[in-house]
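This is the structure I have questions about; it appears just below.
The values are calculated or read from the model by the stated rules, or taken from the named source; none is laboratory data. Everything numeric here is computed off the predicted structure, so don't read it as measured data. For neighbour counting, all protein chains shown are included, and Cβ atoms are generated from backbone atoms with ideal geometry for every residue, glycine included. Each accessible area value is taken on the protein alone, full model and side chains, heavy atoms only, with ligands, DNA and RNA left out. Shrake-Rupley method; radii C 1.70, N 1.55, O 1.52, S 1.80 Å.
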There are 6 protein chains.
Amino acid sequence: MTRADGRSNDELRPITITRNWLDHAAGSVLVEFGRTRVLCAASASEGVPRWRKGSGLGWVTAEYAMLPAATNTRSDRESVKGRIGGRTHEISRLVGRSLRAVIDYKALGENTIVLDCDVLQADGGTRTAAITGAYVALADACAHLKGLGALPGDPLTGSVAAISVGIIDGEPRLDLPYEEDVRAETDMNVVMTGDGKYVEIQGTAEADPFDRVMLDGLLALAEKGCADLTRIQKEALAS
Amino acid sequence: MTRADGRSNDELRPITITRNWLDHAAGSVLVEFGRTRVLCAASASEGVPRWRKGSGLGWVTAEYAMLPAATNTRSDRESVKGRIGGRTHEISRLVGRSLRAVIDYKALGENTIVLDCDVLQADGGTRTAAITGAYVALADACAHLKGLGALPGDPLTGSVAAISVGIIDGEPRLDLPYEEDVRAETDMNVVMTGDGKYVEIQGTAEADPFDRVMLDGLLALAEKGCADLTRIQKEALAS
Amino acid sequence: MTRADGRSNDELRPITITRNWLDHAAGSVLVEFGRTRVLCAASASEGVPRWRKGSGLGWVTAEYAMLPAATNTRSDRESVKGRIGGRTHEISRLVGRSLRAVIDYKALGENTIVLDCDVLQADGGTRTAAITGAYVALADACAHLKGLGALPGDPLTGSVAAISVGIIDGEPRLDLPYEEDVRAETDMNVVMTGDGKYVEIQGTAEADPFDRVMLDGLLALAEKGCADLTRIQKEALAS
Amino acid sequence: MTRADGRSNDELRPITITRNWLDHAAGSVLVEFGRTRVLCAASASEGVPRWRKGSGLGWVTAEYAMLPAATNTRSDRESVKGRIGGRTHEISRLVGRSLRAVIDYKALGENTIVLDCDVLQADGGTRTAAITGAYVALADACAHLKGLGALPGDPLTGSVAAISVGIIDGEPRLDLPYEEDVRAETDMNVVMTGDGKYVEIQGTAEADPFDRVMLDGLLALAEKGCADLTRIQKEALAS
Amino acid sequence: MTRADGRSNDELRPITITRNWLDHAAGSVLVEFGRTRVLCAASASEGVPRWRKGSGLGWVTAEYAMLPAATNTRSDRESVKGRIGGRTHEISRLVGRSLRAVIDYKALGENTIVLDCDVLQADGGTRTAAITGAYVALADACAHLKGLGALPGDPLTGSVAAISVGIIDGEPRLDLPYEEDVRAETDMNVVMTGDGKYVEIQGTAEADPFDRVMLDGLLALAEKGCADLTRIQKEALAS
Amino acid sequence: MTRADGRSNDELRPITITRNWLDHAAGSVLVEFGRTRVLCAASASEGVPRWRKGSGLGWVTAEYAMLPAATNTRSDRESVKGRIGGRTHEISRLVGRSLRAVIDYKALGENTIVLDCDVLQADGGTRTAAITGAYVALADACAHLKGLGALPGDPLTGSVAAISVGIIDGEPRLDLPYEEDVRAETDMNVVMTGDGKYVEIQGTAEADPFDRVMLDGLLALAEKGCADLTRIQKEALAS
């Protein structure tokens, strides 16, 4: 059984990371996982939220959103509806937590970096593309701030990347596009550091509960995918 | 190293499940995990949301919330703030997905059951208590509806329970109270069916990323905890 | 003509006041008027709202709300709707005003006590139960703060209780449960101090306007009911 | 002791009722209680709210609001704040209930009349002016609809008026302007029908609880004031 | 071809400006353009918005709104809907900009004047009436503040008025009432200073795009209308 | 005096129009006016808003928004603030009106096309870029729908483009980037059809009111700019 796009089960879609896509932001990346396209912008500002003032520590947070025409069928704007949906909240929080896992707040000083991840086109894996791209934008922003002499140290303690895995027709697959995602019996998003440790695991049995054997299969695939993404991030930052 | 409340690392807090705590709801449970106290009410109504009409399939959803005085420091009401926070959204969605994992929509017919999980007192593990208690309320509601002849079949395909595990001072512990939760390096919530399969895994490295050995340790503890909760649920439903 | 629950027209439903129902709040009470069950929690904090700062005076306020499954038919959450309804606003204000009638702001010092009155189950008279229970929670909170040496004086200048009265089939009745409330031609809520003075009178002709004779009958009943509640409050606080 | 404006304690401020102040509304009144000035407009439309459809019964409701510059110090717009305050909700509901007390829903047929009461200038007693003026606008709207042959009967079963009374320096006074209102120990709003029955009583001890003697004094004053207003309403409608 | 109300194409409707319509505001005007009736109130307060603090400069802003019964068919309140519509936003901003065109911020000192323009009755041209009336209220407020010695200088650098023009059946007309406004092929609002310069031009082809000849015709009419209004404003302020 | 980017006063910035930038939308364009970059997506759906049902006529509308990192300093998301700002409302309405000026509703049939114009990067002229690009996306969407046989006729009656003009240091300039826009004494946006007629004129004196000579100068420049844009649109659609 082969996949619709001809990939093997443990193969990523074509990944591209275009740095400096915007002129104003301290760091910005257009990241593409196949047809999924996310614009990640890192905006830096002096100061931290009120609850953190005077601590000497910085802050990193993220906001995820999707343009109305990003999906097959146009979705309503959350600004027009006047409220943010649960899914948006959930992913924004996930992206923020994932990035904070590789941040040394002390080395950042009392500065705040906001990562805006706006999905321009969605074809599955938008949250994992967002995390993977946002890391690169964050790295660029840190380098930019260091160049300005604005940081007491080097805030990045490592790198972070994320990938989706799922069980389709009983077998584990890596990096699901939309058409596989909707068919997946189980769907898992895994966030890992560049040195192979877990930052976040979110696995959901969409249809049938899954057993430990399946879980181990998914974790192995995710580990492979995150390692591939780590390499691609490094190449992008080196170019 | 012992825990502040004298428990061993793989031991649950005292768990109590009080059924029929309310007079109106089709099913209702006051569930206690130590000092954490959640009121779970299952309200049944004919009909399903618009997008499901005419399908012959039922629907189960959940709403989680916390009373202002449930926590150590009073929190503002989300109704007063005029918007639901990300955490509330996230947990409501988790509870709903977890319960739907053991529901046969066809056997439910075009009926909707809403599970309201209101935290009366919070001491860690509110979402896992909510899932564990809500399952019992859901079971009671299904039995109630069957007794009325309102269901085409038996909608419950199994049972579901949830527990938190975490790494404190380098070692895995089961069922974290608040004081352990805030100190945990890694925090994981695991939802499992009564027959030992995974419904949902949500693991987060709060401080340091964790490795595969730690992950396996946490999963083993969670399996033990969910099995204990499954037994307690069965006893409650049998009484 | 007898009442469905066998009470005489001037008789309260069984009233129970359970103190210290929560672990965190400065004072907390589960109050029951028959099947109506309200959780009243008093949360104390240093400081007062901005408009009162530097005055040396304290502040007491209240928030009333109803859980979705409290009523016969599930009601939508106000947090989900994104706005608080008029009835909720109205009752929150009433509870706050009633409690402030027995507070010496100067003796409270610049401290704030918030009374959260959450209706866990509703069967008529929720606002009067809330006031009656909240007073006991407030008394406990004041005692608690005094024990901590946090108050310049004794803020309580008296006690306060509340009861509903109404005209059913032409005759006045005390403490209406839901089934009587919906049938009442006139419905009145009366808040009185422990020494028999009026704090608030809210009478509404639901169907036909009422005359002075009816009004006097209702006031007499309410006076009797509030005196009974005052005695029950005293017993609860003495135990 | 005399009042600042020279009135005796049982005397109304100068009351004027200007009918047909607007061109579009089915009925419209500019009502003035001294310097308090409220524009009351009755808008009629075919049909009733969904919960009443097919009942053959009509509906009457009201919305009260205050222009930002109506008060001494400009107040923020509720539309700008994005939410309606508790006071506004409370008064809107009071005005609606008061008018419905003299409406025969059957004679109205399945029509809805909305009374908009917008306070152009506030100097105490805005809610009582609103009720008193809205009744006249409602009467005009009913007459207008009857003239069009749009009503199955005569929906008005009587008239309704409202007045404030309060205790200032220990003595009861009628129709309080703002400067008396803020000083009142007790403040009561009374809504009565033209034939002297009570529709609504709302009495609040702003400072000290009041006793039965005071209450009787206030009720007597209010009765006198409502009778005066009823006469003025009749004259306005006759002109 | 004559207009329904008998006016010639370059003739204003009857314009009346009633000053001091309110007791509290620093300046207040009831302005009427035919049946269009707008209450303009200028509220002054010490201080400026945060972003302007310490600049020594004042601020002038405006809020436009329409009462529900102002139009032929009752419109819903924006406070009830919980959000301000695009049209309201647009006009509020236009009124504010127009008035600021004749304000010397330095001479105003760090004071803020808010112009509330509430449409009591709408018959076309509400925004132009609002601007024209608000200028007079603003002038009164400035004079009032000067009288109090609260201003460092004279903030008014000129006067401002506004008028609508449109193309109906191919010919330009001045000051459109509602029935002409809805039929207009092109609709333009022009704001001019008392000395004949443009502050704002907003022209919209409602049906067919218009050419330069039409545009010139509309501009000529508007110039004439604004000059007439300037004269009327002067007379009102002189009386 | 030359411009910072070396352009002459009547010269556009480099304009690029990239069609089919998205895979899902019926038409999509990335339009660039210098560094201003707007993604315009046309989403088509069967059916029209309720107020238009059964008319046989179609509908075209637009929503404009700006990504947080589009500007120099990050702006807050309107979805997070829970309300749409006045500027956003204003521009969305302008874009919609401009496009509707070249639509034959009958030829569109009961279909709706929504134009989403999301500013990815802002450097002045975002609304004019949005209109100019949205027209091309709309043309593509119409062609796409015609290809599907979904339209009764050809809905486009012409083309539409828009440009900003302004007075800087006393002289008129075409197509202002941000740094000129903030310095402009007068700022005007002009929307014209491909055959040189006006659809919308919005001119604002930011600092000093302007006279007729200046106005004529601005209109002449705008006419030239719109003609240039019309040619560029044609080329883009021909490629």
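Just give the residues from region D:169-208 buried by at least 20 square angstrom of accessible area in the all-chains context relative to the isolated chain, probe 1.4 Å, and say none if nothing qualifies.
By number: D:Lys197, D:Tyr198, D:Val199, D:Glu200, D:Ile201, D:Gln202, D:Gly203, D:Thr204, D:Ala205.
Right, next: Extending each Cα 7 Å along its Cβ direction at C:Asp10 and A:Asn9, get the distance between those two points in nm, one decimal.
Distance between the two pseudo-spin positions: 8.2 nm.
Using R₀ = 25 Å, calculate the FRET efficiency as 1/(1 + (r/R₀)^6) where r is the Cβ-Cβ separation of F:Asn20 and A:Val182; round to 0.05. Before the final figure, lay out the partial values.
Values: r = 25 Å, r/R0 = 1.00.
My answer for the efficiency is 0.50.
Ok, one more. Let a ≥ b ≥ c be the square roots of the eigenvalues of the Cα gyration tensor of region E:1-91; is it rounded (a/c under 1.5), or, if not, prolate (a/b larger than b/c) or oblate?
Details: a/c = 2.21, a/b = 1.57, b/c = 1.41.
Verdict is prolate for region E:1-91.
Still on this structure, please answer the following. Using protein chains only (no ligands, no nucleic acids) and a 1.4 Å probe, work out which residues of region F:92-108 have their accessible area cut by at least 40 Å² relative to the chain alone.
Checking the loss per residue gives F:Arg93.
How far, in nm, would the chain grow between A:Asp195 and A:Asp169 when pulled straight, counting 0.36 nm per residue and subtracting the alpha carbon separation? Write out the running numbers ahead of the final one.
Numbers: separation 26, 0.36 × 26 = 9.36 nm, distance 3.14 nm.
Extra length available between A:Asp195 and A:Asp169 comes to 6.2 nm.
Would you mind classifying region B:90-148 by shape? Square roots of the alpha carbon gyration tensor eigenvalues, ordered a ≥ b ≥ c; an a/c under 1.5 is rounded, otherwise it is prolate if a/b is larger than b/c and oblate if not. Mind showing how you got there, number by number?
Details: a/c = 2.72, a/b = 1.84, b/c = 1.48.
Prolate, because a/c is 1.5 or more and a/b exceeds b/c.
Past 22 Å, Cα to Cα: identify those pairs from C:Lys224/D:Lys197; C:Lys81/E:Lys81; C:Lys197/C:Lys234; C:Lys53/C:Lys197; A:Lys53/C:Lys146; A:Lys53/A:Lys81, in the order given.
Working: C:Lys224/D:Lys197 24 Å; C:Lys81/E:Lys81 12 Å; C:Lys197/C:Lys234 17 Å; C:Lys53/C:Lys197 31 Å; A:Lys53/C:Lys146 33 Å; A:Lys53/A:Lys81 33 Å.
Over 22 Å apart, Cα to Cα: C:Lys224/D:Lys197; C:Lys53/C:Lys197; A:Lys53/C:Lys146; A:Lys53/A:Lys81.
Suppose all protein chains stay in the model; what accessible area per residue would a 1.4 Å probe give for chain E, in Å²? Don't jump to the answer; show the numbers that get you there.
On the way: 8860 Å² over 239 residues.
Accessible surface, normalised per residue, equals 37 Å².
On the accessible surface of region E:67-196, probed at 1.4 Å, how many percent belong to carbon and sulfur atoms? Intermediate values should be presented prior to the final figure.
Numbers: 1860 of 3970 Å².
Roughly 47 percent, rounded to a whole number.
Could you tell me the distance between the Cα centroids of region F:169-225 and region C:43-118, to the nearest Å?
So the two Cα centres are separated by 55 Å.
Here's a follow-up. Which residues, if any, in region A:44-79 lose at least 20 square angstrom of accessible heavy-atom surface (probe 1.4 Å) when the other protein chains sit next to their chain rather than the chain being alone?
Listed by number, the residues meeting the 20 Å² cut-off are A:Glu63, A:Leu67, A:Ala69, A:Asn72, A:Arg74, A:Arg77, A:Ser79.
Across region A:126-138, in residue order, what do the Karplus-derived ³J(HN,Hα) couplings come to in whole Hz, using 6.51 cos²θ - 1.76 cosθ + 1.60 with θ = phi - 60° and x for Gly and Pro?
Per residue, the Karplus-derived 3J(HN,Hα) values read 5, 6, 6, 4, 4, 5, 5, x, 5, 4, 5, 4, 5 Hz.
For a quick check of understanding: with a 1.4 angstrom probe and all protein chains in place, what accessible area in square angstrom does A:Arg87 have, to the nearest ten?
90 Å²
How far, in degrees from 0 to 90, does helix C:86-100 lean away from the longest principal axis of the Cα atoms of chain C, to the nearest 10?
60 degrees
Report the Cα-based extents of region C:71-182 along its three principal axes, largest first, to the nearest Å.
Sorted from largest, the Cα extents of region C:71-182 read 51, 39, 19 Å.
If you don't mind, another one. For D:Arg231, place a label point 7 Å out from Cα along the Cα→Cβ vector, do the same in each other copy, and report the separations in nm, one decimal, smallest first.
In nanometres, ordered from closest: 4.8, 5.1, 8.5, 8.5, 9.9.
How long is region C:15-238 along each principal axis, judged by its Cα atoms, biggest number first, in Å?
Ordered largest first, region C:15-238 gives principal extents of 53, 41, 33 Å.
Pull up all non-local amide H partners of F:Ile103: gap of 5 or more, or a different chain, and H-to-H distance under 5 Å with H placed in the peptide plane.
Residues meeting the criterion, in which the H sits 1.01 Å from N, are F:Thr157.
About the Cα centre, and with charges only on the beta carbon of Lys, Arg (+1) and Asp, Glu (-1), how big is the dipole of the protein assembly as shown? Nearest 20 debye, please.
Values: 162 positive and 204 negative charges, 2 e Å.
Dipole about the Cα centre, nearest 20: 20 debye.
Output the peptides F:116-123, E:68-75 sorted from most to least packed, where packing is the average of other Cβ atoms within 10 Å over each peptide's residues.
Working: F:116-123: 24.1, E:68-75: 18.9.
Highest to lowest by the protection proxy: F:116-123, E:68-75.
For the pair C and B, how large is the buried accessible area, both sides, in square angstrom to the nearest 100, if the probe is 1.4 Å? Please report the intermediate quantities before stating the final value.
Values: alone 11660 and 11680 Å², together 20440 Å².
For chain C against chain B, roughly 2900 Å² becomes buried.
Other chains' Cβ within 10 Å of C:110-121 residues: what's the mean?
Numbers: counts 0, 0, 1, 0, 4, 1, 6, 0, 8, 0, 9, 8.
Average neighbour count from other chains, rounded to a whole number: 3.
Provide the descending list of Cα extents for the protein assembly as shown along its principal axes, expressed in whole angstroms.
92, 89, 61
Using 17 Å as the cut-off for backbone N distance, which residues of region D:174-202 belong to the label zone defined by a point 7 Å from the Cα of D:Ala220 along Cα→Cβ?
Only D:174-175 fall inside the zone, counting backbone N under 17 Å.
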